[in-house]
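Data block below; observations after.
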Amino acid sequence: MTSSTPAPPRGRERRKRDSRVGDKIFMNLSRGSGILLLVVMAAIAGFLTWRSGIALSKNEGNFLTTFEWTPDAPKPVFGIAVLAFGTIVSALIAMAIAVPVAIGIALFISHYAPRRIAQPFAYLVDLLAAVPSIIYGLWGALFLVPHLDGLTSWLDEYLGWTYIFDQSRAGTTPRNLFTVGILLAIMILPIITAVSREVFRQTPRMHEEAALALGATRWEMIRTAVLPFGRPGIISASMLGLGRALGETIAVAVVLSSNSVLSLHLLDPGGGTFAQNIALKFNEAQPFGRDALMASGLVLFVITLLVNGAARLIVARRKEYSGANA
């Protein structure tokens, strides 16, 4: 009686088995990474909430409307009114300047410039993203601020009737939210440009050729084919830039002359942001003062989550958009 041994698996069956094992390992690693990210985010939110609760329980002022920031005083009083206003206003100024310029640069690189010019120009724009924040801050304080006197005077003279460009203290150094907005616009410009450029390049070639075949000019082709296709990508790029503008610290701290005065005159010195306030006061703050800074950090954390969530909802409206379909 002879016993027959099973034949070893063939090469194709062995590869299929190995690939299934690899797929399972990759799937589990991906799932674990996603769960770990959620755990980290929940831990950050829980820590900030816990420390914020300690500070808010002893706050003698209204956290949302108080201008003063003196958490280490015998009677602690602190609020985020000035910080929230400065953070949102400076970020909006940066977005209003950076987004149109970034879209123009991205279109120039992807659809107008010859390749021999577009490639080095794209590298140059991307290189701006590698410049450290402290370098931007020093450049802003030593070069941008002294050279904005003419612009602020012009805005005060011709647009002062709008109230926001009315400079109540003429001749002061422009260490204000308007200057911070310009500096932040320069800092987020390469991020928005790089993402928008890649999205524009993914526009289906058939759509562009069809528009040109129907007699459209190059701008009409861009307006009817490229921009509608790239709109979700532009929104995503803008939200990435907005996230950096909201959380920028060192550059804002170097340029802005902070105080606890909330003023709608954007050309007057003063104001503050969440990140700048935390960076300047964390080292000198006492334990309770650090808890108060944690409370302001929690507000910035929530604002960032809401901004990114809103961006995802806007992008989700365009179900047909997919970079893989380009």
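The values are calculated or read from the model by the stated rules, or taken from the named source; none is laboratory data. In this text the structure is predicted, and so the values were computed from the model without any measurement. Note: ideal-geometry Cβ built from the backbone for every residue, glycine included; neighbour counts use all protein chains shown. We work out accessible area using only protein heavy atoms, side chains counted, and drop any ligands, DNA or RNA first. Shrake-Rupley method; radii C 1.70, N 1.55, O 1.52, S 1.80 Å.
Ranked from largest, the principal axis spans of the Cα set of the chain equal 101, 64, 34 Å.
Loop-resident chymotrypsin sites (Phe, Trp or Tyr not before Pro) (DSSP state other than H, G, I, E or B) in region 138-176 with no more than 13 further Cβ atoms inside 10 Å of their Cβ: 163.
Sorted largest first by accessible area at a 1.4 angstrom probe radius, with every protein chain in place, the residues 281, 24 fall in the order 24, 281. Shape class for region 71-147, computed from the alpha carbon gyration tensor (a ≥ b ≥ c): prolate, with a/c not under 1.5 and a/b above b/c. Dividing the radius of gyration of the alpha carbons in region 189-326 by their Kirkwood radius gives 1.16 for Rg/Rh. The per residue volume of the convex hull around the alpha-carbon atoms of region 18-57 is 26 Å³. Since only 62, 85, 108 are under comparison, the one whose Cα sits farthest along the positive direction of the charge dipole of the chain, derived from C-beta charges on Lys, Arg, Asp and Glu, is 108. Relative to the Cα centre, the charge distribution of the chain, modelled as +1 at Lys and Arg Cβ and -1 at Asp and Glu Cβ, gives a dipole magnitude of about 2040 debye. In the context of the full set of protein chains, the chain has a per residue accessible area of 57 Å² (1.4 Å probe). Extension gain for the segment residue 50 to residue 210, taken as residue separation times 0.36 nm less the Cα-Cα distance, is 51.8 nm to one decimal.
Geometric descriptor of region 245-319, per residue, is 122 Å³ (volume of the convex hull of the Cα atoms). With the alpha-carbon atoms of region 90-246 aligned to their principal axes, the span from lowest to highest coordinate is 58, 36, 27 Å, starting with the largest.
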